[in-house]
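The values are calculated or read from the model by the stated rules, or taken from the named source; none is laboratory data. Note that the structure is predicted; figures quoted are calculated from it, not measured. Every residue, glycine as well, gets a Cβ built from its backbone with ideal geometry; the counts of neighbours run over all protein chains shown.
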Amino acid sequence: MDPAEKQPDESPADGAGLERTRIEVEGREIVLLGTAHVSKGSAELVESVIAEEAPDVVCVELCSARYQSIRSSSAWRDMDIFKVIREKKAFLLLANLMLSAFQKRIGEKLGVRPGEEMVRALDAGEKAGARICLADRDITVTLSRIWRTTGFFKKIKLLFQLLLSMGGVDDIEEKDIERMKNEDILESLLAELETTHPSLRMILIDERDRYLAAKIRAAGGEKVVAVVGAGHVPGIRRYIHDEIDLAPLETVPPKGRLGGMLKWIIPAVIIALLVAGFFRGGREAGGEMLLLWIFVNASFAGLGALLALCHPVTFLAAVGAAPLTSLNPMLAAGWVAGMVEASIRKPRVSDLEDLPNDILSARGFWRNKVTRILLVVVFANIGSSVGTFVALPLMLRVLGAGG
């Protein structure tokens with residue numbers, strides 16, 4: 001342990017789910033408040049501890065997006081669903097909404113408003129005249145980094161794990177609640193996936209520990225109180241004295257070379273197979289391969305759109321677009337289907353206003369026009385991708401028989 005770092009205070013707060021750790025960094029005092037995210041007692045104590053410490057700066061484990069969602073109940077009204085689809089952010093927004101739903105339902109189960117301890121910290125900091133510092137990394141960057149490090153089938157597993165989490169809150173037992181008090185919400189949700197994909201922990205926890213430590217250290221002020229989840233305290237203590245470059249942690253890594261190549265190689269292989277089918281097997285074999293490609297790809301894309309309870313015209317759009325967009329690396333069937341769904345069932349203001357409540361149930365997710373559009377995009381894209389993998393061996397079989 002660094003000689004300038006003190007052991008956590010043995011104060012009454014510690015026994016109620018609040019860990020207080022004092023660290024001296026370059027002559028400044030930093031007080032880490034390790035909170036339990038789903039503890040009502042922890043939320044209540046944050047306010048009194050900040051008042052007692054009277055800091056110059058209060059750092060909170062929030063990014064700008066989460067701060068806006070906590071502070072502004074009308075933040076969703078400004079959403080442009082067409083822009084979300086065009087910028088290829090449908091999955092990120094859908095995952096973010098699912099995480100919010102999970103956290104809200106846990107909060108309801110325990111009688112705690114999601115982010116209550118952060119709200120108390122913000123209010124107490126402003127009351128004390130302290131400057132507020134948002135110290136966490138943008139949630140979309142974290143999700144994007146996770147997305148880029150997972151393969152296709154792990155992405156599907158990730159999506160359905162998030163979906164299943166919406167119905168699993170009622171089955172959570174007391175022992176699970178105790179574990180979650182010291183875990184990040186994302187970590188709790190992805191615990192199972194983490195065992196088969198260890199790099200997730202680095203992105204979810206270690207990277208954010210370093211990011212939080214750097215932001216807290218750079219916050220300024222003679223005395224800083226940082227309100228963070230208890231699970232981040234050991235990592236922040238480990239990194240707080242290090243010089244950390246934030247740029248690599250804020251950057252979404254480019255797609256891997258193999259993934260970028262496959263995006264072009266797979267369409268080229270399909271086209272080559274179709275050409276070979278006509279040359280080697282004649283019109284009959286080539287025509288059969290072409291029909292297989294169209295039918296299989298269209299069927300799976302249409303099935304994905306149907307699972308999202310899309311409009312009939314959207315289903316036809318997904319079916320019609322999939323065989324063509326799968327051959328164009330710059331397009332995707334889900335984007336076409338999503339645009340059609342958004343045009344036909346354009347979200348109303350009431351859909352945007354009801355979003356925070358509708359995401360609390362699977363039924364609400366499928367009923368709300370905003371989330372249904374996102375589901376159409378994601379499910380149709382998954383269906384089209386699965387259709388490609390299913391169609392390829394079937395086409396090869398026809399080619400082999402025809403040759």
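Data for the structure
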| quantity | calculated |
| --- | --- |
| Matching residues in the range 308-326 - criterion: being over 27 Å from the mean Cα position of the chain (by Cα) and either assigned to a loop (DSSP other than H, G, I, E, B) or not hydrophobic (A, V, I, L, M, F, W, C) (or both) | P312, G320, P323 |
| Test: residue in the range 177-192 that is at pLDDT 70 or above and either farther than 18 Å from F379 by Cβ or in contact with a helix residue (DSSP H, G or I) (Cβ under 7 Å, 6 or more places away or on another chain) (or both) | no |
| In the range 327-383, residue modelled with the lowest pLDDT [restricted to those that are assigned to a helix (DSSP H, G or I) and either in contact with a His (Cβ under 7 Å, 6 or more places away or on another chain) or basic (K, R) (or both)] | R363 |
| Selection count where residues are over 22 Å from I50 (Cα atoms) and modelled with pLDDT of 95 or more, scope the range 199-237 | 2 |
| Test result for G220, in contact with a helix residue (DSSP H, G or I) (Cβ under 8 Å, 6 or more places away or on another chain) and either in contact (Cβ under 8 Å) with a residue 40 or more places away in the chain or not in a helix (DSSP H, G or I) (or both) | no |
| Selected residue [part of a helix (DSSP H, G or I) and at pLDDT 90 or above] from I23, I30, I50 | I50 |
| From V38, V58, residue being buried (at least 24 other Cβ atoms within 10 Å of the Cβ), at pLDDT below 65 and either of a type in the set (G, A, S) or not in a helix (DSSP H, G or I) (or both) | V38 |
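Yes/no per residue for (1) touching a Leu at 6+ places or on another chain (Cβ under 9 Å); (2) closer than 14 Å to A305 by Cβ:
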{"position": "A333", "(1), (2)": "yes, yes"}
{"position": "A337", "(1), (2)": "no, yes"}
{"position": "I344", "(1), (2)": "no, yes"}
{"position": "L352", "(1), (2)": "no, no"}
{"position": "L355", "(1), (2)": "yes, no"}
{"position": "A362", "(1), (2)": "yes, no"}
{"position": "W366", "(1), (2)": "yes, yes"}
{"position": "V390", "(1), (2)": "no, no"}
{"position": "V398", "(1), (2)": "yes, no"}
